[in-house]
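For reference, the structure is listed below as structure tokens.
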Amino acid sequence: MLKMQNQFEIWFLTGSQSLYGEEVLSQVASQSQSVVQSMNDADDISIKIIWKPVLTNPEDIKKICIEATSNPNCIGVITWMHTFSPAKMWIAGLSALQVPLLHFHTQVNAELPWESLDMDFMNLNQAAHGDREHGHIQARLNSPRKVIAGHVSDPKVTSRIGNWIRAAIGWNEAQNLKLARFGDNMRYVAVTDGDKTSAQITLGISVEAYGINELCAAVDRVLEDSITALVAEYEELFSVSTELKKGGAKHDSLRYQAALEIALEKFLIDGGFTAFTTNFEDLGTLKQLPGLAVQRLMAKGYGFGGEGDWKTSALLRIIKSMTEGLPGGSSFMEDYTYHFGPGEPKVLGAHMLEVCPTITDQKPKCEIHPLGIGGKDDPVRLVFNATPSHGCVVGLMDLGGRFRIISNDIEVVKPDRDLKKLPVASAVWKPKPSLSTSAESWIYGGGSHHTVLSTSLDVETLNDFANIYNIEHLHISEKTNTQSFQDQIKWNGIYFKLLSTSQ
Ligand code: MN
């Protein structure tokens with residue numbers, strides 16, 4: 001199982017100035033330590049916040065920003081101007097900072113001590129204007145940043161900080177993400193293609209191709225004993241159909257997917273890859289399209305995209321990293337077919353085989369059925385329905401020169417009737433605000449047909465992630481109407497055009 005490394009840290013930088021004297025600065029230090037303590041005690045905050053000594057001069061500010069940037073464990077910085085920290089002192093530091101930045105606009109006391117309020121208290125608790133000075137220089141520097149205002153005792157505040165931290169985890173994941181593509185993209189398909197060098201420059205992801213023959217050879221090398229052990233694990237975890245069980249007519253097909261899983265996982269571990277793609281048009285001597293094997297690897301945390309779709313694969317891995325430990329799950333998905341009525345319109349999402357079982361709480365059925373596409377033996381796959389939940393679908397597109405993320409809030413629902421003859425895993429959802437507005441907006445936005453469906457991801461985290469990179473995020477929600485969505489696309493187009501010419 002791929003796990004978030006728990007050595008990651010967020011550094012907490014408190015700004016002040018030497019004007020106030022040692023006594024006040026030691027109060028500033030102890031009060032900012034107590035804010036950090038409260039953050040570390042909050043359930044929503046998934047990694048450790050490290051308090052750093054109070055900053056009072058440009059040299060120390062620049063030094064800590066360079067340290068934060070170069071320390072591989074530090075994946076983000078939170079700033080708070082407890083008192084007044086003249087912001088020209090921060091220019092060199094903020095300019096050198098290359099990790100995600102959250103400006104937490106807060107103060108140590110929630111309530112004003114109305115009766116005892118005196119000038120000493122006023123001089124100690126100046127964030128209300130100190131942070132505005134700080135915000136001004138961040139605006140002047142155009143620093144990509146998140147601003148959160150509120151008191152640390154408010155669960156909404158710590159939840160939002162937690163969402164931003166998860167975006168920083170996604171940013172760090174992308175910086176280190178290596179993706180293996182077996183073969184190229186599906187021939188003639190536009191949206192799954194893109195500029196891999198731009199993706200690395202913009203997002204950090206490294207996308208590298210391998211011949212399918214390397215995987216075919218690795219499958220042939222898998223030992224029979226390892227296959228037997230993995231098949232036993234399948235029988236515990238899934239309702240395996242009789243024909244696939246030992247002694248069944250198709251048992252060897254199940255063993256073949258087990259060999260595929262073992263070979264694929266070893267290839268990914270050996271190469272340090274956390275995401276991959278396959279393409280049914282390029283399977284070499286593989287006997288089956290990887291189905292069960294891919295579903296299992298997605299459940300272990302790997303990103304995957306079908307038909308060579310490396311952008312959706314990388315996005316899935318990033319979303320899995322950002323949502324680790326949260327309820328629900330995330331899967332590769334495709335808008336497959338519609339229910340326009342009767343009743344409320346819905347989307348049925350699925351793929352040829354490759355849907356991740358983290359989006360269901362059912363015990364998946366493990367079955368074998370024919371697949372017309374690919375021209376190979378019948379592939380073994382897991383079959384289930386996604387569990388009803390709030391969720392979203394997310395697409396990542398290369399527009400030629402820049403990237404765009406589109407997301408849509410959805411409600412995963414029970415299918416209206418049993419899908420008795422559907423031989424693949426699927427999800428049925430109601431897109432917000434309606435199927436027509438959602439689909440029209442998505443299509444105006446050039447959104448992909450492949451997506452990541454997540455029942456774990458908070459859209460604020462996705463938005464924070466896009467803002468860290470200053471890439472476009474179009475969000476289709478309960479409030480969306482098609483006309484203003486089209487306008488937003490036009491205005492954003494001008495903004496990003498101007499941004500690219502100013503570089
Ligand atoms: Mn597809």
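Filtering segment 242-265 down to residues that are open to solvent by less than 10 Å² (accessible area, probe 1.4 Å) and within 31 Å of the chain's Cα centre (by Cα), which residue is nearest to residue 353 (Cα to Cα)?
Looking at residues that are open to solvent by less than 10 Å² (accessible area, probe 1.4 Å) and within 31 Å of the chain's Cα centre (by Cα), I get 257.
Of the residues making up segment 278-306, those that are within 16 Å of the ligand (Cβ to nearest atom) and surrounded by 24 or more Cβ atoms within 10 Å (Cβ to Cβ) number 10.
Note on segment 331-356: residues that are within 14 Å of the ligand (Cβ to nearest atom), closer than 16 Å to residue 455 by Cβ and in contact with a helix residue (DSSP H, G or I) (Cβ under 7 Å, 6 or more places away or on another chain) amount to 3.
Matching residues to (1) in contact with a His (Cβ under 6 Å, 6 or more places away or on another chain); (2) among the aliphatic types (A, V, I, L, M); (3) in contact (Cβ under 8 Å) with a residue 60 or more places away in the chain; (4) not in a loop (DSSP other than H, G, I, E, B):
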| residue | (1), (2), (3), (4) |
| --- | --- |
| 163 | no, no, yes, yes |
| 194 | no, no, yes, no |
| 198 | no, no, yes, yes |
| 207 | no, yes, yes, yes |
| 215 | no, yes, yes, yes |
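Listed by position, the strands (runs of 3 or more DSSP E) inside segment 365-422 whose residues that are modelled with pLDDT of 95 or more and closer than 30 Å to residue 434 by Cα number at least 3 are 389-398, 403-413.
From the residues in segment 148-174 that are of a type in the set (Ser, Thr, Tyr) and surrounded by 15 or more Cβ atoms within 10 Å (Cβ to Cβ), which one is farthest from residue 108 (Cα to Cα)?
So in segment 148-174, the residues of a type in the set (Ser, Thr, Tyr) come out as 153, 158-159.
Imposing the further condition that a residue be surrounded by 15 or more Cβ atoms within 10 Å (Cβ to Cβ) reduces the set to 158-159.
Details: 158: 14, 159: 18 Å.
Among them, the one singled out is 159.
Just wondering, is there one or more residues in segment 398-407 that are open to solvent by less than 30 Å² (accessible area, probe 1.4 Å), within 16 Å of the ligand (Cβ to nearest atom) and under 22 Å from the mean Cα position of the chain (by Cα)? Explain how you work it out, then say what you get.
Of all residues in segment 398-407, those open to solvent by less than 30 Å² (accessible area, probe 1.4 Å) come to 403-407.
Checking which are within 16 Å of the ligand (Cβ to nearest atom) leaves us with none.
Within segment 398-407, not a single residue is open to solvent by less than 30 Å² (accessible area, probe 1.4 Å), within 16 Å of the ligand (Cβ to nearest atom) and under 22 Å from the mean Cα position of the chain (by Cα).
This table checks each residue for (1) more than 35 Å from the chain's Cα centre (by Cα); (2) at positive phi; (3) hydroxyl-bearing (Ser, Thr, Tyr); (4) not assigned by TED's automatic domain parsing to the domain that holds residue 132.
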residue: 17; (1), (2), (3), (4): yes, no, no, no
residue: 55; (1), (2), (3), (4): no, no, no, no
residue: 61; (1), (2), (3), (4): no, no, no, no
residue: 77; (1), (2), (3), (4): no, no, no, no
residue: 87; (1), (2), (3), (4): no, no, no, no
residue: 90; (1), (2), (3), (4): no, no, no, no
residue: 116; (1), (2), (3), (4): yes, no, yes, no
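A single entry from 187, 145 fulfils the requirement of being among the charged types (D, E, K, R), open to solvent by 60 Å² or more (accessible area, probe 1.4 Å), in the same structural domain as residue 321 (by TED's automatic domain parsing) and touching a residue at least 12 places away in the same chain (Cβ under 8 Å): 187. Can you spot a residue in segment 467-481 that is more than 28 Å from residue 102 (Cβ to Cβ) and either open to solvent by 40 Å² or more (accessible area, probe 1.4 Å) or not in a loop (DSSP other than H, G, I, E, B) (or both)? Yes: segment 467-481 contains one or more residues that are more than 28 Å from residue 102 (Cβ to Cβ) and either open to solvent by 40 Å² or more (accessible area, probe 1.4 Å) or not in a loop (DSSP other than H, G, I, E, B) (or both). Which residue is most open to solvent (accessible area, probe 1.4 Å), if the candidates are limited to segment 307-330 and must be more than 13 Å from the ligand (Cβ to nearest atom) and not in a helix (DSSP H, G or I)? Only one residue tops the list, namely 327.
For the condition part of a helix (DSSP H, G or I) and in contact with an Asp or Glu (Cβ under 9 Å, 6 or more places away or on another chain), residue 110 does not qualify.
Taking the condition at pLDDT 95 or above, in contact with a helix residue (DSSP H, G or I) (Cβ under 8 Å, 6 or more places away or on another chain) and within 21 Å of residue 428 (Cβ to Cβ), does residue 316 pass? Taking the combined requirement at face value, the residue satisfies it.
The values are calculated or read from the model by the stated rules, or taken from the named source; none is laboratory data. Worth saying up front: this structure is predicted, and the values here are computed from it rather than measured. Neighbour counts are summed over all protein chains in view; Cβ atoms, including those assigned to glycine, are modelled from backbone coordinates with ideal geometry. Please note that ligands, DNA and RNA were not included when accessible areas were found on the heavy atoms of the full protein model with its side chains. Shrake-Rupley method; radii C 1.70, N 1.55, O 1.52, S 1.80 Å.
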